[in-house]
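Remarks on the structure that follows.
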Amino acid sequence: MTSQPEHSLPSRAQLHHGAPRQPWFKKLWVWVVVALAVVAVVTAVVLVNNARQVAPPQSGEQSGEVEESVVDPQQSDEGAQVEDPESSGGSEGDSATTNDSEDCDAAFAQAEYYAGTLYVSEAMAKSLLISPDGDGFSADAASCAIERLDWDWNANAIEKARLLSEDPDLTTEDIYDLLTSEHGELFTPAQAEHAVAQLGSQG
């Protein structure tokens, strides 16, 4: 009877722990994880580089815009120097027209008061309007107001003569002189004569 080779039985420790473990660097999943990590890092680096490559043209465009913004105001200033005389002239003309109209309106209201309440002559009304001690309007504004007023100055001369005639010490000649005097009412000779004649007819 032939003897068969004896096989040694595994020890209790071998049965408990199993076969010896492989080193970690020999395991496939470890290298898969490492490969994925490398791909992620490379991808991140590529994205960052792309972002940096895109950024310079934008900054260049911005600098170009800044340069254009520096140049354009000069060009616009040059254009403004050419166009401004007309535009400023127009705006100044509009402003002057508005001011003249406002002055005429104000002078008209004052002239209407002088003529309707104080019964002054046309010359006296204009003198009061332009006098520095009076209203201080410009001559143009005063003329505009008087023309717009279109008053019956003969009626004012008659009313002023009537008021003067209430002074018993004044003669007809005195009233005439006061009506026409440059230091008096400044009515025209024709207006004063008409007023004095009206006093005679009423008396």
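The values are calculated or read from the model by the stated rules, or taken from the named source; none is laboratory data. None of these values were measured; they are calculated from a predicted model. Virtual Cβ from ideal backbone geometry, glycine too; neighbours counted across all protein chains shown. Ligands, DNA and RNA are stripped out before the accessible areas are found, and what is left, the full protein with its side chains, is counted by its heavy atoms. Shrake-Rupley method; radii C 1.70, N 1.55, O 1.52, S 1.80 Å.
Observations
- Of all the residues in segment 179-198, those that are touching a residue at least 40 places away in the same chain (Cβ under 8 Å) and either of a type outside the set (A, V, I, L, M, F, W, C) or farther than 24 Å from Leu128 by Cα (or both) number 5.
- On the stretch given as segment 159-178, residues that are touching a residue at least 40 places away in the same chain (Cβ under 8 Å) and surrounded by 19 or more Cβ atoms within 10 Å (Cβ to Cβ) total 1.
- For segment 187-203, a residue qualifies if it is under 30 Å from Cys104 (Cα atoms) and either open to solvent by 50 Å² or more (accessible area, probe 1.4 Å) or modelled with pLDDT under 95 (or both), and the qualifying residues are Thr188, Pro189, Ala190.
Residues are listed down the side, and each one gets a yes or a no for (1) open to solvent by less than 80 Å² (accessible area, probe 1.4 Å); (2) among the β-branched types (Val, Ile, Thr); (3) assigned to a helix (DSSP H, G or I); (4) modelled with pLDDT of 95 or more:
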| site | (1), (2), (3), (4) |
| --- | --- |
| Val71 | yes, yes, yes, no |
| Ser101 | yes, no, yes, no |
| Tyr113 | no, no, yes, yes |
| Val120 | yes, yes, no, yes |
| Leu129 | yes, no, yes, yes |
| Asp133 | no, no, no, no |
| Phe137 | yes, no, no, yes |
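- Among residues that are out of contact with any Pro (no Cβ under 9 Å at 6 or more places or on another chain) and assigned to a helix (DSSP H, G or I), Glu185 is not included.
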